[in-house]
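Report on the following structure.
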Amino acid sequence: MTGTTTPRIGVLGLLLDAYRPLFPGIQEQQESYLRDVLADLSDIAEFHFPGAATTREEVEAVVHRFNADGLDAVVIVMLSYAPGQHVVRAMLENRLPVALVLIQPEERTRPDIDERALTVNQGIHGSQDVANSLLRAGIPLEVYAGSRTDGRLRRFLQDFGAAAATTRAARHLRLGAIGALTGMGDIIVDEMALFRNIGPQVSHDAVGEVFHRCEAVSEEAVRERVARDRELFDIDPRLPAEDHAYAVRLYLGLRAYLDDHGYAGFTAHYEDFGADGRFRQLPLLAASHLLADGYGYAAEGDVMAAALVTIMGRLVGEANFTEMYMFDLERDAILFCHAGEGNWATAGDRPRIIDRVLTEGGLGNPPTPLFTPRSGRATIASLVHLGEDRFRLVSASGEVLAPVPLPNCDMPSFFFRPDAGAADLAAGWLRAGGAHHQAVVLGEHDARIATWCRLNRIEQLHL
C-alpha cells in the first residue's frame with residue numbers, strides 16, 4: 001500500500017479567438033508562457049496541456065479528452081480574456097474536480113505597457129466571467145488568484161491535486177468489516193450513502209476468513225517478519241518468542257485477507273476474535289503493522305472511521321487511528337490512545353513491543369507496540385453522517401506534545417493541545433456531533449483537508 005500518488009491534471013488554457021488576428025503570435029506566446037509555468041511545477045503533478053482552447057468547440061473537445069483519459073482534475077488558466085459561455089457546457093458534462101487559476105505573465109504594471117501586454121495580462125475579468133457563469137450553472141470551483149512565483153501557487157496546486165486524486169481514488173476503494181460493537185451509536189452509518197457520496201464500498205466478512213489465511217502463513221514468512229520486527233523495535237525481554245510469532249502470523253494473515261479482496265482498509269471488532277474460539281490473541285500488533293503499511297483501520301466495526309483513516313492516508317501520505325481518552329487541564333491538552341493499536345511509522349523515537357496483559361476478548365497477552373507520535377503540528381478529524389446524503393467533517397488543529405512518561409499506560413498514546421483549548425474543543429466536538437473515534441494526521445494539512453471536503457460537498461466544522 002502507498003500514500004499519496006502523483007496527481008494527473010488537465011490544464012485548460014483559455015484564449016479569445018478574436019485576439020489571434022489582432023496580435024499575431026499571441027497564441028504561441030501564451031502557450032509557451034504557460035508551458036514554462038507548468039515545467040516549474042512538474043515535480044508536484046503530471047500536467048496535460050494540449051495547447052490553448054480558443055472557441056467553445058475546442059473547450060468542449062479538450063475537457064472531453066481529459067475525462068476520457070481518466071485524469072484527476074481540470075485546472076482552468078486564463079491566457080487572455082475568454083467568455084464564460086464557452087466553458088459552461090463542457091463543465092456541465094465534466095466529471096472531474098475543477099479549479100480556476102488566475103495568474104499573469106507580468107506581476108507588475110510597467111510604465112511603458114502597451115495594448116498587447118495589457119491583453120495577455122487581462123485574465124482577471126475573464127476569470128470573473130468564467131467563475132460567475134460556472135457558479136450560476138451550479139458547478140463547484142476551487143479558486144487561486146495571485147503570484148505564480150512566491151510559492152503560493154505551488155502550495156495551492158499541491159493541495160488541490162492531492163484532494164482531487166484522493167477523491168478519484170476513493171471512488172474505487174473497498175473496505176473490509178468484521179463485526180461491530182453492539183449498542184455503539186456513533187459508528188452506525190448508511191453505507192450506501194457513504195458509497196454514493198464519498199466512494200468507499202464496505203464488504204462484511206466473517207472472522208473465519210482471517211483465521212484460514214493465518215493458518216496458511218508459512219513458518220519462514222513468520223520468522224522473516226519477526227526478524228524484521230527486531231530491527232525496527234526494542235523488544236520486551238519478557239515477551240515469549242511464541243507469542244511474538246503468533247502476533248506476526250495474525251498480521252500476515254490479515255494482510256493476505258485484505259490483499260486477496262482488494263481492500264484498502266478494514267475495521268474489526270475484537271470480541272469477534274474472542275468469541276470465535278480459534279484465536280489465541282487479539283490482533284493489536286497486526287493492526288499497527290497494517291497502519292504502518294498504509295492500510296486504513298478502525299476498531300469496533302467503525303466503518304466511518306476506517307474510511308476516514310484510509311482516505312486521510314492517501315490525502316497527506318500517512319494517517320493514524322485514535323480516540324480521546326481524558327482531559328489534562330493542567331497541560332490544556334487531551335490524552336489520546338486506544339486499545340493498543342497505532343501507526344508506529346509516525347513515532348518520534350524508536351518504538352517498543354511489549355508483553356501486554358489485556359483481558360479484553362478473553363484471550364492471551366497480545367504483543368503491543370508502544371510509542372508516541374512525532375511532536376509538532378497535527379490535525380484530528382471525525383467523519384459524521386448527518387442523514388440522507390449529508391456528511392460533516394469535525395476537525396481541530398493543535399500540537400502533539402513531547403513525550404510524557406506514562407509507565408502504566410500500555411498503549412500508544414500522546415497528548416494533543418488543541419488551538420481552541422482542551423475544554424472548548426471537547427464542548428465544540430459534542431455540539432458538532434463528532435464521533436469518539438478519530439483519524440489523526442501529523443503536520444500542517446488544514447488547507448488540503450478543507451479542499452477535499454469542498455470537492456466532496458462535505459460540511460467542515462474546524463473547531
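How about segment 201-216: which of its residues are polar (S, T, N, Q) and open to solvent by 30 Å² or more (accessible area, probe 1.4 Å)?
Hit for segment 201-216 is GLN201, nothing else.
For segment 255-267, does any single residue satisfy the condition of being surrounded by fewer than 24 Cβ atoms within 10 Å (Cβ to Cβ), more than 20 Å from LEU194 (Cα to Cα) and aromatic (Phe, Trp, Tyr)?
yes
I'd like the full set of residues that are open to solvent by 60 Å² or more (accessible area, probe 1.4 Å) and either on the phi > 0 side of the Ramachandran plot or not in a helix (DSSP H, G or I) (or both), limited to segment 445-459.
Answer for segment 445-459, where residues must be open to solvent by 60 Å² or more (accessible area, probe 1.4 Å) and either on the phi > 0 side of the Ramachandran plot or not in a helix (DSSP H, G or I) (or both): ARG457, GLU459.
Does ALA53 count as farther than 17 Å from PHE156 by Cα and in contact with a Gly (Cβ under 7 Å, 6 or more places away or on another chain)?
So ALA53 passes the test.
Which count do you get for residues in segment 419-441 that are out of contact with any helix residue (DSSP H, G or I) (no Cβ under 6 Å at 6 or more places or on another chain) and assigned to a strand (DSSP E or B)? I'd like the intermediate steps shown before the answer.
Start the filter on segment 419-441 by keeping residues that are out of contact with any helix residue (DSSP H, G or I) (no Cβ under 6 Å at 6 or more places or on another chain), which leaves 419-436, 438, 440.
If we keep only those that are assigned to a strand (DSSP E or B) as well, we get 438, 440.
Within segment 419-441, residues that are out of contact with any helix residue (DSSP H, G or I) (no Cβ under 6 Å at 6 or more places or on another chain) and assigned to a strand (DSSP E or B) number 2.
Cβ contacts < 6 Å: first residue modelled with pLDDT under 95, restricted to segment 119-148; second residue in a helix (DSSP H, G or I) and open to solvent by 50 Å² or more (accessible area, probe 1.4 Å), any location; separation 6+ or different chain. Result?
GLY146/ARG152
I'm trying to understand the selection: among the residues of segment 276-304, which are part of a helix (DSSP H, G or I) and more than 27 Å from ARG350 (Cα to Cα)?
ASP276, VAL303, MET304
How many residues are at pLDDT 95 or above and open to solvent by 60 Å² or more (accessible area, probe 1.4 Å) if we restrict to segment 1-27?
As a first pass, look at segment 1-27 and keep what is at pLDDT 95 or above: 7-14.
If we keep only those that are open to solvent by 60 Å² or more (accessible area, probe 1.4 Å) as well, we get 8.
Number satisfying all stated conditions: 1.
Within segment 393-419, restricting attention to residues that are out of contact with any Phe, Trp or Tyr (no Cβ under 9 Å at 6 or more places or on another chain) and open to solvent by 40 Å² or more (accessible area, probe 1.4 Å), which residue is nearest to ARG457 (Cα to Cα)?
Among them, the one singled out is ASP419.
Among the residues of segment 340-357, which ones are part of a loop (DSSP other than H, G, I, E, B) and of a type outside the set (Val, Ile, Thr)? So that I can check it myself, show each step before the final result.
Residues of segment 340-357 part of a loop (DSSP other than H, G, I, E, B): 340-343, 348-351, 355-357.
Scanning segment 340-357 gives GLY340, GLU341, GLY342, ASN343, GLY348, ASP349, ARG350, PRO351, ASP355, ARG356.
Outside any helix (DSSP H, G or I) and of a type in the set (A, V, I, L, M): which single residue out of VAL37, VAL59, VAL11 fits that description?
After ruling out the rest, the residue left standing is VAL11.
Looking only at segment 194-225, count how many residues are within 25 Å of ARG457 (Cβ to Cβ) and charged (D, E, K, R).
The total comes to 1.
The values are calculated or read from the model by the stated rules, or taken from the named source; none is laboratory data. None of the values given here were measured: they were computed from a predicted structure. Using ideal geometry, Cβ is built from the backbone for each residue, glycine included, and neighbour counts are taken over all protein chains shown. Remember, those area values only see protein heavy atoms, side chains included, never the ligands or the DNA or RNA. Shrake-Rupley method; radii C 1.70, N 1.55, O 1.52, S 1.80 Å.
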